[in-house]
Amino acid sequence: MKQHFQKMAPYLPFSALLRLSGVRVFMPFYHLVSDNPPPHVKHLYPICNTSEFSAQLQFMLKHFTPIGASELVRIVQTGTRGRKPYLFLSFDDGFSELYSVVAPILMRHSVPATFFVNTGFVDNRELFYRCKVSLIANAILCNPSLQSVYNVNSLLKLGYTDATSLTDIANHVDVDFDTYLATQKPYLELSQLKTLASQGFTIGGHSATHPNFSTLTPEQQLAEVTQCMSWVNTYFPNQPQLFSFPFSDIGVEAPLFSHLQNQPNTRIDLAFGTSGIKRGKHPMHFQRIPMEYSYKSAKKILGGELFYYLVKRFLYLG
Ligand SMILES: [Zn+2]
């Protein structure tokens with residue numbers, strides 16, 4: 001649906017959409033940036049290369065003022081509005097490219113960012129099941145004899161609960177997840193996260209194991225968040241405590257937010273979803289804008305978001 005609006009966005013004046021919307025903070029998010037997309041994400045979503053990412057960043061810096069997590073918390077508390085809208089940038093899943101590729105680009109442009117990590121994957125202890133699916137798809141696509149046995153499209157639809165069949169298929173196609181973790185090190189290590197934090201980046205939580213929260217009971221949701229934020233509060237205590245819901249926050253109810261704000265050792269100051277420009281479910285909850293599309297124009301992606309938001313607002317008012 002939103003993609004129809006994105007198709008029209010390049011023909012509309014971005015500055016006018018921006019002014020009309022009155023949006024105070026833009027929160028785009030990515031997973032990683034790479035000139036050579038790694039097999040564990042290559043088949044999941046389109047990734048920006050370094051020049052596409054730099055071009056998007058330049059577009060955003062022309063229209064927005066970049067802010068870090070502490071400024072965001074202050075702006076939320078005080079209701080401050082800047083001369084230009086603010087830009088709060090974040091990255092999910094804690095991939096190693098954040099250290100090797102993304103952070104150097106951001107530092108060159110003096111842009112702060114928050115990196116949301118899955119605490120169960122830090123130090124390459126476990127591989128996210130979607131990454132396992134991508135690795136298997138890659139092995140099949142690289143080997144024509146396997147393509148007559150497996151259908152890559154139906155494989156890409158396998159879910160969190162299909163873990164056993166994933167392991168079986170991996171054995172058949174000769175993919176070893178543990179060897180991949182040990183040799184390729186797809187995730188950031190704690191020492192790298194500490195370096196990133198010392199460079200001014202914020203480390204946030206993205207759950208322990210990246211489940212789909214809409215399939216969990218409220219108790220299971222709370223357990224995932226608590227396990228993750230206890231780790232973040234322990235290793236990164238002197239920063240705002242931020243959490244982004246894995247996949248989306250569908251199925252998460254407002255009482256969870258109130259509860260999480262008041263916990264001494266698993267505190268969350270702000271939480272984030274992935275629904276684009278939209279109001280959150282609680283004063284401490286915000287929605288971010290997904291940036292990973294096959295087309296790479298920031299004007300098209302962000303302009304489409306603004307256009308969609310304005311049309312929705314107009315319809316509700318009408
Ligand atoms: Zn994620």
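Checking the a/c ratio against 1.5 first, then a/b against b/c, what shape does the Cα gyration tensor give for region 128-185? It would help to have the intermediate numbers written out before the result.
Values: a/c = 1.79, a/b = 1.18, b/c = 1.51.
It is oblate, given that a/c is not under 1.5 and a/b is not larger than b/c.
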- Semi-axis lengths, Å, region 1-98, gyration tensor of Cα atoms, sqrt of 5 times eigenvalues: 26, 20, 12
- Task: Could you please state, rounded to a whole Å, how far the C-alpha centre of region 244-263 is from the C-alpha centre of region 147-161?
- Result: 31 Å
- Item | Theoretical FRET efficiency, 1/(1+(r/R0)^6), r = Cβ-Cβ of N171 and S258, R0 51 Å, to 0.05 | 0.65
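Starting from 0.36 nm per residue, how many nanometres of slack lie between S198 and R279 once their C-alpha separation is accounted for?
Values: separation 81, 0.36 × 81 = 29.16 nm, distance 3.21 nm.
Here the segment from S198 to R279 would lengthen by 26.0 nm.
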- Message: At 7 Å along Cα-to-Cβ for each site, give me the label-to-label distance between Y160 and L190 in nm.
- Response: 2.5 nm
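Determine the alpha carbon to alpha carbon distance for each of K42/K299; K2/K281; K7/K312; K62/K281; K84/K312 and list only those over 19 Å.
Values: K42/K299 24 Å; K2/K281 21 Å; K7/K312 17 Å; K62/K281 30 Å; K84/K312 23 Å.
Violating the 19 Å limit, Cα to Cα: K42/K299; K2/K281; K62/K281; K84/K312.
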- Rounded to whole Hz and in sequence order, give me ³J(HN,Hα) for region 234-246 from the Karplus expression 6.51 cos²θ - 1.76 cosθ + 1.60, θ = phi - 60°, writing x for Gly and Pro. 6, 8, 10, x, 9, 8, x, 9, 10, 9, 10, 6, x
- Cut-off under 5 Å, modelled amide H: who pairs with T65 long-range: Y86, L87
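Charges at C-beta only: +1 for Lys and Arg, -1 for Asp and Glu. How large is the resulting dipole of the chain about its Cα centre, in Debye rounded to 20? Display every interim value, and only then the final one.
On the way: 27 positive and 21 negative charges, 374 e Å.
Taking the Cα centre of the chain as origin, the dipole is about 1800 debye.
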- Item | For region 135-233: relative contact order, % (alpha-carbon pairs under 8 angstrom, 6 or more apart) | 22 percent
- So which residue, out of A182, A271, A208, gets the largest mean-square fluctuation from a GNM of the chain using Cα contacts under 10 Å as springs? A182
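For an R0 of 51 angstrom, estimate the FRET efficiency from the Cβ-Cβ distance between M107 and T217 and round to the nearest 0.05. The partial results should precede the final answer.
Details: r = 42 Å, r/R0 = 0.82.
The value I calculate is 0.75.
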- Please report how far the C-alpha centroid of region 3-53 lies from that of region 167-234, rounded to the nearest whole angstrom. 24 Å
- Query: If you take all C-alpha pairs in the chain, what percent of them are over 37 Å apart?
  - Reply: 15 percent
- Message: Given a Förster distance of 35 Å, report the FRET efficiency between T50 and M1 from their Cβ-Cβ distance, rounded to the nearest 0.05.
- Response: 0.70
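None of the figures in this text is laboratory data; all of them are computed from the coordinates on show. Values in this document were obtained by computation on a predicted structure and should not be read as measured data. Note that each Cβ is placed from the backbone with ideal geometry, even for glycine, and that neighbours are counted across all protein chains shown.
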